[in-house]
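Shown next, in structure tokens, is the structure this report addresses.
Quick note: the coordinates plus some simple rules give every number you see, no bench work behind them. Remember, predicted model here, so these are calculated numbers, not experimental data. Every residue, glycine as well, gets a Cβ built from its backbone with ideal geometry; the counts of neighbours run over all protein chains shown.
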Amino acid sequence: MRNQTAAGRRSEFLKLATWFEGGLLVFAFALGWALSVDPLAHWDIEVSAVVWGVLGTAPLYGLFIVGYRAPQAGMRVIKDFLIEKLGPYLSACRVSDLLYLGLLAGVAEEVLFRGVLQPWFEENWGWWGGLVISNLIFALVHWVTPLYGLLAGITGVYLGLSLDATGQRNVVVPTLIHGIYDFLAFVAVSRGYSEKPVTNPP
């Protein structure tokens, strides 16, 4: 993996992420049209939303750092997976690339899950139903290990609750939390890979 040029890894990863997350965004709007849900009905870039989005990242990232450094076997498996699978690509990216990737994932996934799915499930199963069911799906699509799926589901619930943090529903809040969190996590994984000793094959 390290024999591939950094420029090649960077280009490959940026293209793949852009196509995947871009496709997810297109899917979100198509699904919203099919379900008669406007994905941007609660999208309002205002100061309070930005403040809540930035501040709301801190507890989530704090938990990431605790888990990332935890010695438990389940958490070590997740960390090793992230470093081995994503590390080679993230370490080849610039900081601006990582910011782009984080915000891209934040926008695409939050428009889908908090802009379309959660409101639609709320209409049919109530507020709690919308929160729980949409994040069961969120957990499933982020499934790497059972523990990772559980953590993703809890993260999704946190993001779902942040929708109403300003007192008025706003998808910008979870989008910023998600995007900034992903950016910081990408930086941590990139550094973890870069600091990993290179082992020569026998």
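Observations on the model:
- Label-zone membership for region 78-94, site Leu147, 7 angstrom Cα→C-beta point, backbone N under 15 Å: 78-83
- The chain: angle of helix 95-112 to the longest principal axis, Cα-based, in degrees nearest 10: 30
- Hydrodynamic radius of region 1-63 per Kirkwood, over alpha carbon pairs, in Å: 15.3
- The chain: equivalent-ellipsoid semi-axes (sqrt of 5 x gyration tensor eigenvalues, Cα, Å): 31, 18, 16
- Around the Cα centre of the chain, unit charges on the Cβ atoms of Lys, Arg, Asp and Glu (plus for the first two, minus for the last two) sum to a dipole of about 920 debye.
- On Cα atoms only, tilt of 73-85 relative to the major axis of the chain in degrees: 80
- Taking only the C-alpha atoms of region 105-151, Rg followed by Dmax gives 11.0, 31 Å.
- Cross-link partners of Lys15 among lysines (Cα-Cα below 19 Å; sequence separation of 8 or more within a chain): Lys85
- Summing +1 for each Lys or Arg and -1 for each Asp or Glu among the other residues whose beta-carbon sits under 13 angstrom from that of Arg10 gives +1.
- Point-charge dipole on Cβ atoms (K/R +1, D/E -1) for region 93-202, about Cα centre, debye to 20: 280
- The angle between the Cα long axis of helix 118-141 and the longest principal axis of the Cα atoms of the chain comes to about 10 degrees, rounded to the nearest 10.
- Computing FRET efficiency as 1/(1 + (r/R0)^6) for Leu55 and Ala7, where r is the C-beta to C-beta distance and R0 is 35 Å, gives about 0.45.
- Only helices enter the 222 nm calculation for the chain: every DSSP H run of n ≥ 4 contributes -39,500 (n - 2.57), and dividing by all residues gives -25000 deg cm²/dmol, rounded to 500.
- Cα centroid of region 7-86 to Cα centroid of region 117-145, whole Å: 16
- D (Stokes-Einstein, µm²/s), Kirkwood Cα radius, region 72-140, 0.890 mPa s at 25 °C: 172
- Look at the dipole of the chain built from charges on Cβ: of Val141, Ser96, Thr57, the Cα furthest out on the positive end belongs to Ser96.
- Note on region 1-140: dipole from Cβ charges, positive end direction compared against Gln118, Val37, Gln72; the farthest Cα belongs to Gln72.
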